[in-house]
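The structure under discussion appears below in the form of C-alpha cells.
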Amino acid sequence: MDPAYNFGISTYKLAVRLASLKNRKARLMLDGQSQTFDYLREHLDPSGGYIWIHASSLGEFEQGRPLIEMIRSNHPQARIVLSFFSPSGYEVRKNYNQVDAVCYLPFDLPGNVTKFLDLVKPSMAIFVKYEFWGNYLQELHRRGVPTYSISAIFRPSQVFFKPWGGKMRKILSCFTKLYVQNEESRQLLAGIGIDQVEVSGDTRFDRVAHIREQTKQFPTIENFVSNARLTVVMGSSWEPDEDLMIPYFNSHPDIKLIIAPHEFDRERLLAIMSRIKRPAGLFSQALPATSSQLDCIIIDSFGLLSSLYRYGQIAMIGGGFGAGIHNLNEAAVYGMPVIFGPNYHKFSEAKDLIACGGGFAVSNADDFSTVMDRLLSDDAELRRAGMVAESYIQSHLGATEFIYEQIKKHIK
C-alpha cells in the first residue's frame, strides 16, 4: 500500500499502544501480537499449505465457523490457521479445536505481512465480513493465493464508494471472489468495477440453525420457566436496554425474565440486581430444585445465551442503543419475535424482520411498552410474529454450502 495507508496503520498502532496503558483489551492485543511469530514458528509445519481464515472478533468468527467446520468435516487432512484482530474473539476461542493454530493477526504493516505469510504459506485465504487489510490483500494477490471474502456486506457510506476512496477500491480487486450477503452489495460493487462477486447470503443463518440442533439443556432454567406464563430473554444487554426492560418487568408479575448482559463483572451484576424489585438470582448460584421460586435469573457465564433463547417466547436483543444490535438470528431461529433498539440500519436481518413482522424496533420506554403490551395481550399475534421470524431464518439457510462448493477445488 502507499505511504499514507502505512502511516495510518502506524498511527493506529501507536494509539493502541497508548490506550494499553489503561485499557486491558488493548494490552491483550499488543501482548498477543508480540507472540504471534514465535507461536507460528513453534506450531506450524514449515512446508506451509495452510488455509488461513481471519475474523476480526467473536461475531465474525461465528459467521466463519460454519465454513471452517464444513471444511474440517469434508477434508480432515486440511491444515487451518485462524487469526483474530480483537481480544474479544481470540481470548474466547484461542482453544478452538477445529483448527491447527489460533493467533492474533499482527498490524497490517509490510514487515509484519511478509513474516506472517512466510510462516503460514497459505494455500487459500478467507476474510470474514468487514476485513479489508490492504497490505495483506495485495501481498496475497502478488503471491497468487486464492483469496475470498465471505458474508460481506457493503453500504454506500463506506469509503470504497466515496470520490476519495480510489486506493481502497483498488484493494477489492485483490480478492479472487467476494461472497456478499445481498443483491444491493453486488450492485454497489458493480458500480465501481468490482465484478468477481457472488450473492451467497449470510453464513450466520447456518450457524444458528446448527446451534438449535445442538442446543444445550439447563435443568435450572427448565425448572425456572416451568411455572411461567411467559418468559422474556434479554440477550447481550447494555444499560440502555435494561432501562426499558427492567421497569416493565418489575410492574408485570405475569412474566419471567432471563437477563444475559453483554458484560458481567461484579459491579455490573450488582447494578442490575439492585434495580430488580422481584425475586432474582445469579445463574451460577441458582439451584434446579428452587429456581422456580425466582422471577428473574441473571446469566453470569459465557457461552450459554444461544441455547437459552429456547426457554423464552419473546427476546429483547441488546446493543441497539449503542454501536449496533447483537445477534438477532440466535433468538429468531427458535420461533420468537425479537425487540431491539433504534440503531439497526446496518443490519439487513433487522430490516427484514421488521418488514415481515417478526422484529420490532423501539426508541424509548413508550415504544417498548406498546410492543410488549400487544404481544402479551394477543396470543395469536405472538404466535404469528414468532412463526414469521423462524420462517425468515429457514428461508436464508445454505450460504455455507454454496461457498464451500465453489472454493473446495483449492483445498488440499
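Listed residues Lys129, Lys121, Lys94, Lys115; which is over 18 Å from Tyr50 (Cα atoms) and among the basic types (Lys, Arg)? After applying the criteria, what remains is Lys129.
In segment 126-144, is there at least one residue being among the aromatic types (Phe, Trp, Tyr), outside any strand (DSSP E or B) and over 26 Å from Asn23 (Cα atoms)? I'd like the intermediate steps shown before the answer.
Within segment 126-144, the first condition is being among the aromatic types (Phe, Trp, Tyr), and the residues that meet it are 127, 130, 132-133, 136.
Filter once more, keeping what is outside any strand (DSSP E or B): 130, 132-133, 136.
Adding the requirement that they be over 26 Å from Asn23 (Cα atoms) leaves 136.
Within segment 126-144, one or more residues are among the aromatic types (Phe, Trp, Tyr), outside any strand (DSSP E or B) and over 26 Å from Asn23 (Cα atoms).
The residue pairs whose first member lies in segment 195-217 and is under 16 Å from Met70 (Cα atoms) and assigned by TED's automatic domain parsing to the domain that holds Ala332, whose second member is among the β-branched types (Val, Ile, Thr) and assigned to a strand (DSSP E or B), and whose beta carbons are closer than 6 Å, counting only pairs six or more residues apart or on different chains, do not exist in this structure.
Taken together, Leu119, Leu82 contain a single residue that is farther than 20 Å from Tyr404 by Cβ and in contact (Cβ under 8 Å) with a residue 24 or more places away in the chain, which is Leu119.
Within segment 218-237, the residues that satisfy the criterion of being assigned to a loop (DSSP other than H, G, I, E, B), touching a helix residue (DSSP H, G or I) at 6+ places or on another chain (Cβ under 8 Å) and surrounded by fewer than 17 Cβ atoms within 10 Å (Cβ to Cβ) are Ser226, Asn227. Considering segment 337-352, the residues that are part of a helix (DSSP H, G or I) and small (Gly, Ala, Ser) include one that is surrounded by the fewest Cβ atoms within 10 Å (Cβ to Cβ), namely Ser348.
Only residues that are at negative phi and among the basic types (Lys, Arg) were counted in segment 128-153, giving 2.
For Thr11, the conditions (1) surrounded by 11 or more Cβ atoms within 10 Å (Cβ to Cβ); (2) closer than 17 Å to Asp108 by Cβ are fulfilled apart from (1). The single condition among (1) over 22 Å from Ser88 (Cβ atoms); (2) under 27 Å from the mean Cα position of the chain (by Cα); (3) part of a loop (DSSP other than H, G, I, E, B) that Arg186 does not meet is (3). Figure legend. Inter-residue proximity from segment 334-355: first residues in contact (Cβ under 8 Å) with a residue 24 or more places away in the chain and farther than 19 Å from Arg155 by Cα, second residues among the aromatic types (Phe, Trp, Tyr) and assigned to a loop (DSSP other than H, G, I, E, B), beta-carbon distance below 8 Å, spacing 6+ or different chains. Indicated pairs: Gly341/Phe321. If you go through segment 353-369 and keep only what is part of a helix (DSSP H, G or I) and surrounded by 13 or more Cβ atoms within 10 Å (Cβ to Cβ), you end up with Leu353, Ile354, Cys356, Ala365, Asp367, Phe368, Ser369. Tell me which residues, restricted to segment 145-183, are in contact with a Phe, Trp or Tyr (Cβ under 8 Å, 6 or more places away or on another chain), buried (at least 21 other Cβ atoms within 10 Å of the Cβ) and in a loop (DSSP other than H, G, I, E, B). Hits for segment 145-183 are Phe154, Phe175. The residues on offer are Phe321, Phe283, and the sole one that is farther than 19 Å from Lys216 by Cα, among the aromatic types (Phe, Trp, Tyr) and in contact (Cβ under 8 Å) with a residue 40 or more places away in the chain is Phe321.
The values are calculated or read from the model by the stated rules, or taken from the named source; none is laboratory data. Predicted model only: the values in this text are computed from it and were never measured. Backbone-built Cβ (ideal geometry, glycine too); neighbour counts: all protein chains shown.
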